[in-house]
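Quick notes on the structure that follows.
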Amino acid sequence: MKLAEKITSIVVMSIITAASVVSVINMAVNDNNKITLKNIANGEAADILSENIAADFFFGNELRSAAAQIGAKAGEPLVNGVYITEDRLLSIDEHSLSEGVNCANAVNAFAKDYEGAVYFTAVPTSAGIYGDKLPSYLISVTEKQISEEILQNLDVKIRPIDAYTILKNLSENYIYYRSDTKWTSYGAYCVYRTVAQKLGFIPVSYDKYAIRHVSDNYCGNLYSRTGYMESRSDIIDIYEYDDGTEIVSCKGTDSQGVVQDISLYDMEALKSDNPYDLYLGKDMEFIEIETTVNNEKSLLVIGDETADCLIPFLTKHYSKIDIVSADCFNGGSVEHINKADYEQTLFILGMEHISENFNS
């Protein structure tokens, strides 16, 4: 490290230390966050600090950002569970092989009494694809291992789609955001090509799409966790193909049971705190999409937000697509729908969802 950088590091770290003391004192005297001898003794003090430091920390965002810059330059580029590399931010998450087994068992339970065809794909995070950029000591179980565990435990009647291998082979392309855990529209398109073929269709070729850049300053969830100013902002795209197919109806049912008109692309989301909501808007428990495709084919999709930017590609192939939020999926039961109404069901689950919901 250059002398100037060392001096800057010492100065900023001194400020951070002083600010930390101020923040801790503030929390100690605040009735809502009070630290006492009792909660120090029983171990609750650490939890109080952890839960409230983000909200109460003096100049918290600015100092977290400064810490990220210094950590990256000092060779310790790990901030708030995010590893900083030269070209992207990567989340460090704990995984266990049980996630794969539990996820597969839940999908198997759904398929047990279902007469239609079931397809499944697990979509890795950016850390799953670019894990070779991470120090080996930070990762005990990889997303590749989880993906393999799922595929090995799925019932033989379920038709797997190995998204990990597809994306890993294309990792030199812009398939993941640099500042987020999620794939880009191009990453989703690359998997869509295989998904469409598995479902029995010829995928729309890449050269038929007009690609519209709707944002070139997207700063994703990993940027929010680090405030790392040297992270390059990302581009959000919409793929448009005018083949005469139109969306007749797109309705979403929220967690309160309220039905409302939504759209494939919510342009207002680009002005919100979560621009990724561009794809299908804010979270809905159930979405019904009807198109002018004249084949009377219906598809049931069970997916989390990872699935949202892949869905528009599928609308070129089905008269109707119904989407159930993965949060509503619990083993073999799914609210809102009658499984017998669908000849095909497609699971699209991100590794973040799998880790959070099937880790036991």
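The values are calculated or read from the model by the stated rules, or taken from the named source; none is laboratory data. Bear in mind the structure is a predicted one, so any value in this text is a computation, not a measurement. No Cβ is skipped: glycine too gets one built from the backbone with ideal geometry, and neighbour counts run over all protein chains shown.
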Query raised in the report: What strands (runs of 3 or more DSSP E) lie completely within segment 253-360 and have 2 or more residues being in contact (Cβ under 8 Å) with a residue 40 or more places away in the chain and under 30 Å from D207 (Cβ atoms)?
Result: 286-291, 298-303, 344-350
Query - Matching entry among Y342, Y276, Y265, Y241 (being touching a Pro at 6+ places or on another chain (Cβ under 8 Å) and assigned by TED's automatic domain parsing to the domain that holds T194) - result: Y265
Report summary line: Among (1) over 25 Å from E352 (Cα atoms); (2) at pLDDT 95 or above; (3) not basic (K, R), E296 falls short only on (2)
Report task. Give me the pairs, please: first residue somewhere in segment 114-126 and over 16 Å from T184 (Cα atoms), second residue anywhere and charged (D, E, K, R) and part of a strand (DSSP E or B), beta-carbon distance under 7 Å, and either six or more positions apart or on two chains. Result -> A117/R159; V118/R159; Y119/R159
Query raised in the report: Within segment 247-255, is even one residue modelled with pLDDT under 95, charged (D, E, K, R), more than 17 Å from A127 (Cα to Cα) and assigned by TED's automatic domain parsing to the domain that holds I348?
Result: yes
Query raised in the report: Does any residue of segment 169-188 turn out to be crowded, with 17+ Cβ neighbours inside 10 Å, in the same structural domain as T125 (by TED's automatic domain parsing) and under 11 Å from T121 (Cα atoms)?
Result: no
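Among residues belonging to segment 149-168 that are basic (K, R) and more than 26 Å from G81 (Cβ to Cβ), point out the one that is surrounded by the fewest Cβ atoms within 10 Å (Cβ to Cβ).
Step by step, filter segment 149-168, then rank; the result is K157.
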Query - Subset of segment 137-148 [among the acidic types (D, E) and surrounded by fewer than 22 Cβ atoms within 10 Å (Cβ to Cβ)] - result: E148
Query raised in the report: Only one of (1) in a loop (DSSP other than H, G, I, E, B); (2) under 17 Å from the mean Cα position of the chain (by Cα) fails for Y189. Which number is that?
Result: (1)
Requested in this report: Could you please let me know if I236 is outside any loop (DSSP other than H, G, I, E, B) and either outside the structural domain of G128 (by TED's automatic domain parsing) or crowded, with 19+ Cβ neighbours inside 10 Å (or both)?
Outcome: yes
Query raised in the report: Does at least one position in segment 318-332 carry a residue that is among the acidic types (D, E) and modelled with pLDDT under 95?
Result: yes
Query - Among the candidates D308, D273, D283, D327, residue that is crowded, with 19+ Cβ neighbours inside 10 Å and acidic (D, E) - result: D308
